[in-house]
Amino acid sequence: MLRDDILKQSVQRQLRNFAAHQVLDVSAHSHAAVAIAIVDAGLGAQVDGLPVHEVWSNDAALLLTRRSAKLRNHPGQWAFPGGRLDAGESVIDCAWREMDEEVGVDIGADQVLGRLDDFVTRSGFVISPVVVWAGAAEKPHLNQDEVASIHRIALTEFLREDAPRLDAVDHSEHPVLHMPIGHDSIAAPTAAMIYQFREVCLLGLSTRVAHFEQPQFAWR
C-alpha cells in the first residue's frame, strides 16, 4: 500500500463519508488531541518481529511513539503524537503543535484529512484524533522529555487477520482491544483509535470504538 495521491484521496473521501464524528463534552475531563499521521514506512520500525527495510520504502505507515518513562500520564505506553490543548487552542492546532514538539514533523493545514471519534480514557482525558498526511517525514527528531522512541508501522500490519484482539476482563462487560504489531501488541486507547482508522479510512466502514475497555495499566 503506497503512500501516494491515490491513498490520500481515498482516506480523505472515506473520512468525508464517515457519519459525523462523535464530539464529546470535555467539561469533566482534560481535553487532548493526537495526530494520526500517515507517513512513509522509511527504513522500517524497531519493533520485535517487524521487518526493517534496508532501503527507503514509500509504503504507507502510521507514525507512533513510545512515551517517555518520565511522564506522569501513560509513561512508556504506545501513543500517537499529542497532548493537552492549550487555552483557546483548537483540536487541529494542538495536533499540529504536538507533531512538531514531540517528533519534529511540521505539517500544514492542507494536510489535515479529517477527524475520528473522540475517545474517553480511564485516566480522565477526552482525546480527539486528527488524521493528517505527514509526507515522507524523513528526519523526525524526538523530544527526549516526552518521547522514548519513534516508530513507523506499515498500514498493512493493521490489516492482519488476527487484528483486533479482544480480551475479556472481570471489571467490565466490554473487552479490552489490542492491535497486534510484529510479536507485540498495542492496547486501547491508542489501539482503539488505530482500529477505527483501519475500519473507516482503509475499509470504508462506520465502526465505533468508544465502548472498548482499556487495560488497567492505561488508567494512569
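FYI, it's all coordinate maths here, none of it is from the lab. Keep in mind the model is a prediction, meaning the values are calculated, not measured. As a convention, Cβ positions derive from the backbone with ideal geometry for all residues, glycine included, and neighbour counts pool all protein chains shown.
Structural remarks
- Screening Met179 on (1) surrounded by fewer than 20 Cβ atoms within 10 Å (Cβ to Cβ); (2) within 27 Å of Ala19 (Cβ to Cβ); (3) in contact with a Ser or Thr (Cβ under 8 Å, 6 or more places away or on another chain) shows it passes everything except condition (1).
- Within the stretch 99-124, being within 15 Å of Pro140 (Cα to Cα), in contact with a Ser or Thr (Cβ under 7 Å, 6 or more places away or on another chain) and either aromatic (Phe, Trp, Tyr) or in a loop (DSSP other than H, G, I, E, B) (or both) holds for no residue.
Yes/no per residue for (1) in a loop (DSSP other than H, G, I, E, B); (2) charged (D, E, K, R):
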residue	(1), (2)
Ala148	no, no
Ile153	no, no
Glu173	yes, yes
His178	no, no
Glu199	no, yes
Gly204	yes, no
Arg208	yes, yes
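- Leading residue by the ranking (surrounded by the fewest Cβ atoms within 10 Å (Cβ to Cβ)) among those in the stretch 137-176 that are among the small types (Gly, Ala, Ser) and farther than 23 Å from Arg72 by Cα: Ala168
- Filter result for Asp106 (of a type in the set (Asp, Glu) and under 24 Å from Val200 (Cα atoms)): no
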